[in-house]
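Everything on this sheet refers to the single structure shown next.
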Ligand code: WTA
């Protein structure tokens, strides 16, 4: 199948191509390449066809209302997302099909059929109602990867209360900011979760977060680890199992307008303050439903596993909403890939007969480093399709994944998208696209993407530029919660009526997209999106720090690692202790994933004459490169000193 696979030459000049096999093509959900042209001719009709496959309480009057930069999709339509993800499957044999197969890190397991899911979602939805939750109330969810997480999300969707899921790795302060920004009425958490054999102290973080979050009336707590029973606060905290006890087993789904908010999800942008990305009901469901069906070639008997955490958008769209809207079996795993050993993922694939596996390049690079002996321990022949998401994948990792996990049999779909886009926008279609390792290939049908220069003119093949999306798509963000001006300014100001992704990319002769990473101050650490400004604000918040600048340094495993350059206050001298203290400080302010890998102390930061920090030079220093243009520096001695101290180290 692979042409010229394996040669060193090929690795250096990526010219290997992987066309779909005849066998795959024959059974694929979509294998007609004309679909691209067809969809672009009439995108609204293209999306409406998918929408027709869903259940509407009232059909839409108009597919798209586009008043740039504001889109409304399926205008006038009424539907309920939880009904579409659950109830509509109950009238067929899917009723008894596994909707969620969940495995806890300690090895415990639960299977929810669609009927089980229906019952649990209804009971919990009724529980929320009994606490006074009404349509439109925001609910923050801070849970580990346990079944109660998707159940809570679907229950919120059922009663029309938008959820805001906060990843379990975030600190108390980060939760508090999100609670206050969303003005959440309820916080749902667990006593703890398992990770690498340890208990993550979720309840403790949740408790601390409420100190200064006055909108929260109640905290619902799942008993997962059983270690924090004494920490329940009378009158405020209520156990999940007590709340659902005795609740009716049915709950009428709230008729939602297509454009009612389904959820908000905070993500990092160029400023220190996370943005609340707003996703609505109709378009989001259509977009995630369609992309899941075609990109993952989802079939009735597939066992689909996306290894992401539901705390990020990938989990929202491709563990919960997309797969369940398709009536699929979706697998969830609570813990770490190296617990109790480095073969845990492969053991899970073999155990459940997983057919589709979707993970991040950073995980693949880690598995590569661990070696083939771990996947070799298990029978992975159930797999038929692989996917990646979250960051550019280097061709070596792609080929390793294709060969060692996919057995040279499974197409690898490299999917590009963002929290903002809600759904995958650039991706292969496995029954059509000839794959090239390292390229996310083409825009999904109906999506018009382009690479442009500063002036907005399309760049030619081979040249680099900014990735933009030229027309609205159903699952696009609608606004930033409570900050409509920033929505316009952030995404639509650079090029009129065109969505600015903040990603660099190039297009090759075949029109394939090659993603080059962010062009703003967002960095991508182990496929987690972190703003350098957020880390800088956290550092400056420490009383010893005068100024800080962070950059992303290329990292073989994580994609990027955070390096912080810190100027201390006059009376303080840098030391190992202060490095440790500052790392701890960032962990407390944001969470462990934002902790800098390295902290360099410097008397001053390199700045332009107008006072702008020259991050480009800091990046050169951190990566041990020869410095780029330094002519705009206000004081060249600053860089000289930094170079002497850190530059030649590596
Ligand atoms: C990056 C994750 C290259 C990109 C779904 C984007 C990718 C950011 C890919 C969004 C990919 C995501 N190839 N880069 N296949 N997928 N990215 O919001 O820089 O957490 O802007 O959404 O991840 O990250 P977010």
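The single condition from (1) away from the ligand (no atom under 16 Å from the Cβ); (2) part of a loop (DSSP other than H, G, I, E, B) that residue 494 fails is (1). Given the criteria touching a helix residue (DSSP H, G or I) at 6+ places or on another chain (Cβ under 8 Å) and either within 16 Å of the ligand (Cβ to nearest atom) or outside any strand (DSSP E or B) (or both), does residue 557 qualify? Against the criterion (touching a helix residue (DSSP H, G or I) at 6+ places or on another chain (Cβ under 8 Å) and either within 16 Å of the ligand (Cβ to nearest atom) or outside any strand (DSSP E or B) (or both)), residue 557 qualifies. Residue count for the range 87-110 under the criterion of being part of a loop (DSSP other than H, G, I, E, B) and buried (at least 20 other Cβ atoms within 10 Å of the Cβ): the result is 1.
Can we say residue 457 is surrounded by fewer than 13 Cβ atoms within 10 Å (Cβ to Cβ), modelled with pLDDT under 95, within 30 Å of residue 17 (Cβ to Cβ) and over 21 Å from the mean Cα position of the chain (by Cα)?
On the way: surrounded by fewer than 13 Cβ atoms within 10 Å (Cβ to Cβ): yes; modelled with pLDDT under 95: no; within 30 Å of residue 17 (Cβ to Cβ): yes; over 21 Å from the mean Cα position of the chain (by Cα): yes.
In short, no.
Residue selection: residue 472 fails the criterion of being under 20 Å from residue 512 (Cβ atoms), in the same structural domain as residue 164 (by TED's automatic domain parsing) and assigned to a loop (DSSP other than H, G, I, E, B).
Name the residue, out of 235, 272, 226, that is surrounded by fewer than 18 Cβ atoms within 10 Å (Cβ to Cβ), assigned by TED's automatic domain parsing to the domain that holds residue 186 and modelled with pLDDT under 95. Reasoning before the result, please.
On the way: 235 fails: modelled with pLDDT under 95; 226 fails: modelled with pLDDT under 95.
Result: 272 is the single residue among 235, 272, 226 that is surrounded by fewer than 18 Cβ atoms within 10 Å (Cβ to Cβ), assigned by TED's automatic domain parsing to the domain that holds residue 186 and modelled with pLDDT under 95.
Every residue, every condition in (1) within 26 Å of residue 419 (Cα to Cα); (2) out of contact with any strand residue (DSSP E or B) (no Cβ under 6 Å at 6 or more places or on another chain); (3) part of a loop (DSSP other than H, G, I, E, B), yes or no:
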| position | (1), (2), (3) |
| --- | --- |
| 254 | yes, yes, yes |
| 265 | yes, no, no |
| 269 | yes, no, yes |
| 285 | yes, yes, no |
| 288 | yes, yes, no |
| 294 | yes, yes, no |
| 304 | yes, no, no |
| 308 | yes, yes, yes |
| 321 | yes, yes, no |
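Of the residues making up the range 503-534, just one is away from the ligand (no atom under 11 Å from the Cβ), under 21 Å from residue 278 (Cβ atoms) and touching a strand residue (DSSP E or B) at 6+ places or on another chain (Cβ under 8 Å), namely 531. A count restricted to the range 613-650 and to residues that are in a loop (DSSP other than H, G, I, E, B) and surrounded by 12 or more Cβ atoms within 10 Å (Cβ to Cβ) stands at 9.
Residues that are outside any strand (DSSP E or B) and near the ligand (Cβ under 9 Å from one of its atoms) within the range 411-434 comprise 417, 418, 419, 420, 421, 424, 427, listed in sequence order. Among the conditions (1) within 13 Å of the ligand (Cβ to nearest atom); (2) assigned to a strand (DSSP E or B); (3) surrounded by 21 or more Cβ atoms within 10 Å (Cβ to Cβ), residue 500 misses just one, which is (3).
The values are calculated or read from the model by the stated rules, or taken from the named source; none is laboratory data. Since we're looking at a predicted model, the values are computed, not measured. Cβ sites come from the backbone with ideal geometry, for glycine too, and all protein chains shown count toward neighbours.
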